[in-house]
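Note sheet for the following structure.
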Amino acid sequence: MKFLVTGGAGFIGKWLLEKLPIDAEVVVIDSLDEQAHCTSRDFSPELKARATCIRADVQFVEDYKEVIEGTDVVIHLASQTGTGQSMYEISRYVQQNANGTAKLLELISRLEHKPRRVILSSSRAVYGDGAYTDGQQVYYSRGRRIEDLQQGIWEVLDDQGQPLKSLPMHEDHLTKPTSVYGLTKLWQEQLMQNYCTSQNINLVTLRFQNVYGPKQELGNPYTGIIGIFTNAIAQDNPLELFEDGLVTRDFVFVGDVAEAVVKCALHEAPLSSIINIGTGQATTLIDVVETIAEIVGKPAQYSISGRFRVGDVRHAIADMSRYEMLLGSWSPTSLKDGLSQYLQWYLGQKPLSQESLQASFEEMERTGLLLSKRG
Ligand code: UD1
């Protein structure tokens with residue numbers, strides 16, 4: 001079998017490459033983008049030994065069109081991933097995520113033999129704030145209002161101002177992204193869906209929750225909170241929790257994510273579906289900090305600042321029933337085990353500089369996207 005993995009040198013790609021069948025031919029396309037590869041801007045020796053590696057941006061198909069004929073499965077991971085950053089670097093996110101996918105599809109359309117299957121790494125960001133209930137009916141949030149957030153009203157409210165209960169995200173729920181990043185992931189999904197249906201190509205769209213684990217780029221201040229929080233605790237740096245610290249996320253271990261991708265890639269029967277990838281467990285920001293602190297062996301010190309990022313969703317948790325129905329049982333790594341593996345790896349790395357994290361916050365403040373509760 002021949003696989004094309006875009007973004008194959010990235011965080012999830014590195015894990016995936018280790019799990020693809022040893023006899024499979026693999027081509028990796030990766031731009032080695034500065035932000036996502038600040039520690040090293042080269043393909044690792046392991047990657048070079050495993051795959052044909054081409055340094056190219058997916059948008060520039062001329063740079064890699066020669067090597068993809070005969071591909072059986074395309075795994076499209078290449079993406080810009082910062083939710084907050086997407087709200088001011090709008091055209092970059094649109095170019096790289098939406099236009100990148102469009103160009104890749106144009107290239108596929110010119111191939112003599114079309115791939116059997118395409119796997120798209122999408123995000124739970126496409127659901128936006130997701131579905132809520134008052135115990136009787138299901139409601140979709142229109143997105144939290146800035147005026148409410150400025151008053152410290154963090155939960156999603158109904159029209160009478162009563163807080164609603166968040167429901168696990170199900171693939172059949174409406175998609176209502178609250179960030180530019182989420183929008184670009186939805187466009188990727190729709191572009192792929194439209195094209196693959198017209199060509200009878202199996203499309204598996206995987207909506208990842210918050211993926212974490214060893215090999216996540218530490219030098220990048222936009223790469224998720226597990227790195228930011230571990231760094232703060234291990235280095236005794238200030239740790240700021242936005243809102244009231246009770247935002248929830250579903251943290252899924254990267255090894256489990258890579259296994260799910262491989263399972264979809266190798267699935268023999270036709271498989272075309274949108275599938276969530278998470279653990280089904282909601283964890284608050286405070287609980288994450290406390291679990292990391294316990295593993296590091298230091299007290300959990302943090303400030304709850306009342307600041308908030310425009311475009312953030314309040315609660316996110318995956319409903320994993322479709323995965324189990326289509327692909328069998330799902331027993332994800334517990335947060336504690338995953339964080340212990342993360343810490344072991346982290347201790348051998350160069351920590352993220354506090355300056356680059358502060359600079360990313362200042363950039364968001366300047367652009368009006370990191371605001372504070374009033375009073
Ligand atoms: C993350 C990913 C996104 C992915 C999505 C779903 C990043 C940057 N984003 O988005 O690519 O598609 O999961 O898989 O990896 N927070 C603090 N203090 C901080 C930084 C953040 O309290 O210092 C808060 C944020 O306001 C947010 C939560 O922590 O409420 C999580 O933030 P983040 O890790 O950036 O991820 P998501 O926005 O959930």
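The values are calculated or read from the model by the stated rules, or taken from the named source; none is laboratory data. All values derive from a computational prediction rather than experimental measurement. Here Cβ is always computed from backbone atoms with ideal geometry, including for glycine, and neighbour counts include all displayed protein chains. Heavy atoms of the whole protein, side chains included, go into the accessibility calculation; ligands, DNA and RNA do not. Shrake-Rupley method; radii C 1.70, N 1.55, O 1.52, S 1.80 Å.
Could you check the spin-label model distance between A359 and K103? Points 7 Å from the Cα along Cα→Cβ, value in nm. Label at A359, label at K103, 2.6 nm between them. Within segment 145-175, whose backbone N sits under 20 Å from a point 7 Å along Cα→Cβ of S372? It comes to 146-154, nothing else.
FRET efficiency for the pair D172 and K336, taken as 1/(1 + (r/R0)^6) with r the Cβ-Cβ distance and R0 = 45 Å, rounds to 0.90. Taken as entire DSSP H runs, the helices of the chain that both span 20 Å or more between Cα atoms along their own long axis and average -1.0 or more on the Kyte-Doolittle scale are 180-199. Taking a ≥ b ≥ c as the square roots of the eigenvalues of the alpha carbon gyration tensor, the chain is prolate, as a/c is not under 1.5 and a/b beats b/c. Residues whose amide H falls under 5 Å from that of I153, counting only those 5 or more places apart or on a different chain, are absent, with hydrogens built in the peptide plane. The local environment of E290, defined by Cβ-Cβ distances under 12 Å, has a net charge of 0 under the rule Lys, Arg +1 and Asp, Glu -1. Please find, in a Gaussian network model of the chain (springs between Cα atoms separated by less than 10 Å), the residue of K176, K350, K165 whose mean-square fluctuation is greatest. For the chain, modelled as a Gaussian network with Cα springs under 10 Å, the answer is K350.
Just how large is the dipole of the chain about the Cα centre, in debye to the nearest 20, putting +1 at every Lys and Arg Cβ and -1 at every Asp and Glu Cβ?
Numbers: 35 positive and 47 negative charges, 52 e Å.
It comes to approximately 240 debye.
Ranked from the most accessible area to the least, with a 1.4 Å probe and all protein chains present, what is the order of L326, L241? Could you put the intermediate results ahead of the total?
Numbers: L326 60, L241 0 Å².
These residues rank, largest area first, as L326, L241.
Counting charges near A49 (Lys, Arg +1; Asp, Glu -1) among other residues having Cβ under 14 Å from its Cβ returns a value of -1. Got a sec? Charge dipole of the chain, +1 on Cβ for Lys and Arg, -1 for Asp and Glu; which of V26, L107, A316 is way out at the positive end? Farthest along the dipole direction, towards plus: L107. Overall, the anisotropy analysis places segment 180-231 in the prolate class: the square-rooted eigenvalues a ≥ b ≥ c of its C-alpha gyration tensor yield a/c not less than 1.5, with a/b exceeding b/c. Rounded to the nearest 5, the antiparallel percentage of DSSP beta bridges internal to the chain is 25%. Between V5 and V27, V28, I29, I75, the built amide H atoms are under 5 Å apart, and every one of these is 5 or more places off in sequence or on another chain.
If Lys and Arg each add +1 and Asp and Glu each add -1, what is the summed charge of the other residues whose beta carbon sits under 11 Å from the beta carbon of I153?
My count for the surroundings of I153 gives -1.
Less than 5 angstrom separates the built amide H of S273 from those of L203, V204, T205, all sequence-distant by 5 or more or on a different chain.
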